[in-house]
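Q: Have a look at this one.
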Amino acid sequence: MAAADQPKLIVTSDAQALAQAAAERVMARIAANPGRIAICLTGGSSPKKLYQLLGSDAWRDRIPWERVHWFIGDERLVDEGDPLNNMSVARAKFLDRYAPPGHVHPIPTMVETPDRSAEAYARELRAFYGAENLDPARPLFDLVLMGVGPDGHTASLFPGFPEIEETERWVIGVPKANVAPFVPRVSLTLPALASCREMLFEIAGHDKQPILTRMLNGETLPALRARSNGETVWLVDRAALPEGICGGR
């Protein structure tokens, strides 16, 4: 892998500083676009502190809510009010209080199959984008937030599963998960996730050190294969950082 292809590694002191740095990057992407803004959120535990910040007094007034649309990179096929529902976490932390309802775009979960859900979300993304095919010169998203699972998965793209190889579809059904919770899922594909100005990974906590070590060693895990057509940033706290590795600010 060429040096130019390497993600930018930014190291923060702890999880709270990581959330602060992530919020700053979200705001920078919002400020860079004077028009309609699209942000793709992520689930899991990593972004919870960030979502709390975005809904706090210090940050919410800086967001031009009427111009920002919020999407999600993957979802579990559970009820919208289920705590396992990825978008429900973001909605509870900040979206339901401040975002116009029509600007929140959850993946539909009350459907017969993951494939049906994926087809419906792909139609919504294409309608928002205004085209059937992604143009590298016109990203779908301003920012895509990402996390990393203990097996190296990101979104719901699991190592060794066929969904990671999808190149045509924007969204796919994932009938079987590689890690708990073992429920069917829906995920954006690598090409759809790559269609962004910035892809921002949040990697925090000592329990992420083993998988980050594997990623830094170049193991071809889904989280390593996920790259923006623009800028890819790994935002890491010191607890997750393997010994002997340094990162910039």
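Q: Around THR189, which amide H atoms from residues at least 5 apart in sequence, or from another chain, sit under 5 Å from its own amide H, with H modelled in the peptide plane?
A: Amide H neighbours of THR189: VAL171, ILE172.
Q: Then there is this: If you place +1 on the Cβ of every Lys and Arg and -1 on the Cβ of every Asp and Glu, how big does the dipole about the Cα centre of the chain come out, in debye to the nearest 20?
A: 540
Q: Which of LEU50, ALA127, PRO106 sits farthest toward the positive end of the charge dipole of the chain, with +1 on the Cβ of Lys and Arg and -1 on the Cβ of Asp and Glu?
A: Among LEU50, ALA127, PRO106, the one farthest towards the positive end of the dipole of the chain is LEU50.
Q: Take the solvent-accessible surface of the protein heavy atoms, probe 1.4 Å, and return the percent of it on the chain that carbon and sulfur atoms account for.
A: Carbon and sulfur: 51 percent of the exposed surface of the chain.
Q: Please report, in cubic angstrom per residue, the volume enclosed by the convex hull of the alpha-carbon atoms of segment 44-85.
A: Expressed per residue, the convex hull around the Cα atoms of segment 44-85 is 101 Å³.
Q: Kindly state, to the nearest 0.05, the FRET efficiency for GLU219 paired with TYR98, given R0 = 30 Å and r defined as their beta-carbon distance.
A: My answer for the efficiency is 0.15.
Q: What Kirkwood hydrodynamic radius do you get for the chain when you take the inverse of the mean 1/r over all pairs of distinct Cα atoms, in Å?
A: 18.1
Q: If you stretched the chain out fully between SER56 and ARG123, how much longer would it get, using 0.36 nm times the residue separation minus the C-alpha to C-alpha distance?
A: 20.8 nm
Q: Now for a different question. With θ set to phi - 60°, apply the Karplus curve 6.51 cos²θ - 1.76 cosθ + 1.60 along segment 207-213 and write out the HN-Hα couplings as whole Hz, x wherever there is a Gly or Pro.
A: 5, 8, 4, x, 6, 5, 4
Q: Can you give the accessible area per residue of the chain, in Å², using a 1.4 Å probe?
A: Normalised by residue count, the accessible surface of the chain is 44 Å².
Q: Related question: Please list the equivalent ellipsoid semi-axes of segment 115-206, computed as the square roots of five times the alpha-carbon gyration tensor eigenvalues, in descending order and whole angstrom.
A: So the three semi-axes of segment 115-206 are 23, 17, 10 Å.
Q: Just to be sure I understand: of the beta bridges DSSP finds with both ends in the chain, what percent are antiparallel, rounded to 5?
A: 25
Q: How large is ³J(HN,Hα), in whole Hz, for each residue of segment 47-53 in order, when computed from phi with the Karplus curve 6.51 cos²θ - 1.76 cosθ + 1.60 and θ = phi - 60°, using x for Gly and Pro?
A: So the J values, rounded to whole Hz, are x, 4, 5, 4, 5, 4, 5.
Q: Using modelled amide H (1.01 Å from N, peptide plane; none on Pro or chain starts), what sits under 5 Å from the amide H of GLU231, excluding residues fewer than 5 places away?
A: GLU198, MET199
Q: In addition: Looking at the calculated P(r) for segment 107-146, what percent of the C-alpha pair distances fall above 11 Å?
A: 67
Q: Please compute the length gained on full extension between GLN6 and LYS176, using 0.36 nm multiplied by the number of residues separating them and subtracting their Cα-Cα distance.
A: 58.1 nm
Q: Filter the trypsin sites (Lys or Arg not before Pro) in segment 56-145 down to the DSSP loop ones having no more than 13 other Cβ atoms within 10 Å, then list what survives.
A: When the trypsin sites (Lys or Arg not before Pro) of segment 56-145 are filtered for loop state and at most 13 Cβ neighbours within 10 Å, ARG62 remain.
Q: Looking at the chain, identify the longest residue range that excludes and avoids all GluC sites (Glu not before Pro) in DSSP loops having at most 15 other Cβ atoms within 10 Å.
A: Result, exposed sites excluded: 1-79.
Q: Run the dipole for segment 51-107 about the Cα centre, Lys and Arg Cβ at +1, Asp and Glu Cβ at -1, nothing else charged, and hand back the magnitude in debye, nearest 20.
A: With only Lys, Arg, Asp and Glu charged at Cβ, the dipole is about 240 debye.
Q: Something else: Give me a comma-separated list of calculated 3J(HN,Hα) values for segment 186-198, in order, Karplus coefficients 6.51, -1.76, 1.60 applied at θ = phi - 60°, integers in Hz, x for any Gly or Pro.
A: Each residue's phi maps through the Karplus curve to give 10, 9, 5, 8, 4, x, 5, 5, 5, 7, 8, 6, 8 Hz.
Q: While we're on this one: Just from its helices, what would the mean residue ellipticity at 222 nm be for the chain, if runs of 4 or more DSSP H residues each count -39500 (n - 2.57) and the sum is divided by every residue, rounded to the nearest 500 deg cm²/dmol?
A: -7500 deg cm²/dmol
The values are calculated or read from the model by the stated rules, or taken from the named source; none is laboratory data. No experiment lies behind these values; they were computed from the predicted model shown. Neighbour counts are summed over all protein chains in view; Cβ atoms, including those assigned to glycine, are modelled from backbone coordinates with ideal geometry. All accessible areas refer to the heavy atoms of the entire protein, side chains included, with ligands and DNA or RNA removed. Shrake-Rupley method; radii C 1.70, N 1.55, O 1.52, S 1.80 Å.
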